[in-house]
Amino acid sequence: MKGKSLVSISDFSKDEIMEIVRLAGDFEANPGQPLLNGKVVASLFFEPSTRTRLSFETAINRLAGSVVGFTDSSSSSTTKGESLKDTIKMVSNYADLIVMRHPLEGSARYASEVSDVPVINAGDGANQHPTQTLLDLYSIYKTQGTLENLNIFLVGDLKYGRTVHSLLMAMSLFNPIFNFISPEELKMPEEYKMFLDSKGIRYFEHSEFTDIISEADILYMTRVQRERFSDPIEYEKVKNVYVLRNSMLDNTKDNLRILHPLPRVNEIHTDVDENPKAYYFEQAENGVYTRMAIMAAILGLK
Amino acid sequence: MSHKKLKVSAIKNGTVIDHIPANHLFKVISILGLDKISNQITFGTNLESHKLNHKAIIKVTDKYFEDNEINKIALIAPTAKLNIIKDYEVIEKKVVDIPDEVVGIVKCFNPKCITNKEDITTRFSVVSKEELALKCHYCEKITSEEHLTII
Ligand SMILES: [Zn+2]
């Protein structure tokens, strides 16, 4: 992985994913490893994302590295009309590694091609957010003891949610069964179902959020957003259908864990928070260890 | 001279592009930049064809096309065939194949793609040749035939 950019989850092989998962566990057990001492990481947020930025910057600080950069494009030279190429060329002269968030899709792939140092994609529009996927995988591994042969339920917006698409692609390396629960308007796109068919991976689609979740090992919840619906009446009809309540967890498996990329709106009722199967806050914390692992691996320090 | 040959006269040296779908003739002319060169060009359209309902044909004197130019035609006229003419004889026939990769020809359909905002050579992998589908190397979105715009 040394010197390699991470733009899309498919840039990493199954072995490389497992190596990141293993390293993340190592950093969680021993967080104080000053491996980035003397290294400079550029954190370029062309659009604000406080959650992702803080996770990365915490990871960099835990590794004793230095951070330079900006937190939104209004404080960067792009407001003066500088091209992305010129910004990346300039920054790659200063930094050992670039972490980039950008509203345009494909920007991270392009940056990785013009940069002299590796680029980690911290989200490029609606396209990819691979460090989220790797932290999801680490969370699944940590709670299940394996990534193999799991029954994964994806709930909510399966049409536009990039996190569920990347998770689906990555988990497909580990012989899963998928269950998709979504309103008709937000079903899993055909291209992903064709991909699963081509791999011989079983999946089931449901429009109702019922006791079928008793089979689940992982329940991955997502937001159903109002702006995804052309007809506001349709949104009103479904917005309370895909809400997880504590009472629904009575007959679920002991090893079930509930994941959510956060922030949530109302799709997980707060009465679930105290249930030991709720894992979304720990999941966010896992992001720091996973990002430490990714940066250390890409810089060849581990 | 046979009746057939009267339709579009023969050339001494150059390229004949045959079996162009008639409805795409003017697009082929524009993609190949034939409206901007000074070579002698004749074309015929709405000709009867066994393979196509109506075909068009273009004859360009003293012009031989590079492969990447031919690839550009393949995207809108996959049935087109090239005859390379030297001294009134066909010395080579070429079919136009849709390439596996399309570089610098097509505009990405996704308005939020970086290639539509910065000066970047577009790159697509061809994921389907039957119902043409191009996957953008950058934003990973699919541009299909109905949304195809040639740069
Ligand atoms: Zn694109």
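Annotations
- Diffusion coefficient, µm² s⁻¹, Stokes-Einstein with Kirkwood Rh over alpha-carbon pairs of the stretch B:101-150 at 20 °C and 1.002 mPa s: 203 µm²/s
- Listed values for the stretch A:244-255 are Karplus-derived 3J(HN,Hα) couplings in whole Hz (6.51 cos²θ - 1.76 cosθ + 1.60, θ = phi - 60°), namely 8, 10, 4, 4, 6, 8, 4, 9, 8, 5, 5, 7, and x replaces Gly and Pro.
- Put A:195, A:229 in order of accessible area, highest first, and with a 1.4 Å probe you get A:195, A:229.
- Label-point separation, residue A:90 to residue B:68 (7 Å along Cα→Cβ), nm: 3.1 nm
- Rounded if a/c under 1.5, otherwise prolate or oblate - the stretch A:126-168, Cα gyration tensor axes: oblate
- Of the DSSP H helices in chain A, those whose Cα atoms cover at least 18 Å axially and whose Kyte score averages 0.0 or more: A:280-298
- Sequence-ordered 3J(HN,Hα) estimates for the stretch A:5-13 from the Karplus curve with 6.51, -1.76 and 1.60 and θ = phi - 60° stand at 7, 10, 9, 10, 4, 6, 6, 9, 6 Hz, glycine and proline given as x.
- Accessible surface of residue A:11 - all protein chains present, 1.4 Å probe, nearest 10 Å²: 40 Å²
- Quotient of Cα Rg and 2.2 N^0.38 Å for chain A, N being how many residues it contains: 1.01
- Global geometry of the stretch B:14-95, whether rounded, prolate or oblate, following the gyration tensor of its Cα atoms and the 1.5 cut on a/c: rounded
- Summed residue charge, Cβ within 12 Å of residue B:94's Cβ, Lys/Arg positive, Asp/Glu negative: -4
- Size-normalised alpha-carbon gyration radius of the stretch A:11-148, reference 2.2 N^0.38 Å: 1.09
- Average accessible area per residue (Å²) across the stretch A:151-302 - probe 1.4 Å, nucleic acids and ligands excluded: 44 Å²
- Looking at the stretch B:68-151, the GluC sites (Glu not before Pro) that sit in a DSSP loop and have at most 11 other Cβ atoms within 10 Å of their own Cβ are B:130, B:131.
- Environment charge of residue B:40, counting only residues whose C-beta is closer than 11 Å and scoring Lys/Arg +1, Asp/Glu -1: +2
- Alpha-carbon centroid distance for the pair the stretch A:118-137 / the stretch B:41-99, whole angstrom: 45 Å
- Principal semi-axes in Å for the stretch A:131-284 [√(5λ), Cα gyration tensor, largest first]: 22, 20, 14
- Against chain B, whose longest principal axis comes from its Cα atoms, helix B:67-76 is set at around 80 degrees.
- Highest mean first, the peptides A:48-57, A:288-297, B:105-114 sorted by other C-beta atoms within 10 Å per residue fall in the order A:288-297, B:105-114, A:48-57.
- Both chains summed, the buried accessible area for A and B stands near 1200 Å², from protein heavy atoms and a 1.4 Å probe.
- Residue-wise HN-Hα couplings along the stretch A:216-229, as the Karplus relation 6.51 cos²θ - 1.76 cosθ + 1.60 with θ = phi - 60° gives them from phi, are 6, 8, 10, 10, 9, 8, 9, 6, 9, 9, 3, 5, 7, 9 Hz; Gly and Pro carry x.
The values are calculated or read from the model by the stated rules, or taken from the named source; none is laboratory data. As the structure is a prediction and not an experimental result, all values here were calculated from the model. With ideal geometry, Cβ positions are generated from the backbone for all residues, glycine too; neighbour counts draw on all protein chains shown. Note: areas computed on protein heavy atoms with side chains; ligands, DNA, RNA excluded. Shrake-Rupley method; radii C 1.70, N 1.55, O 1.52, S 1.80 Å.
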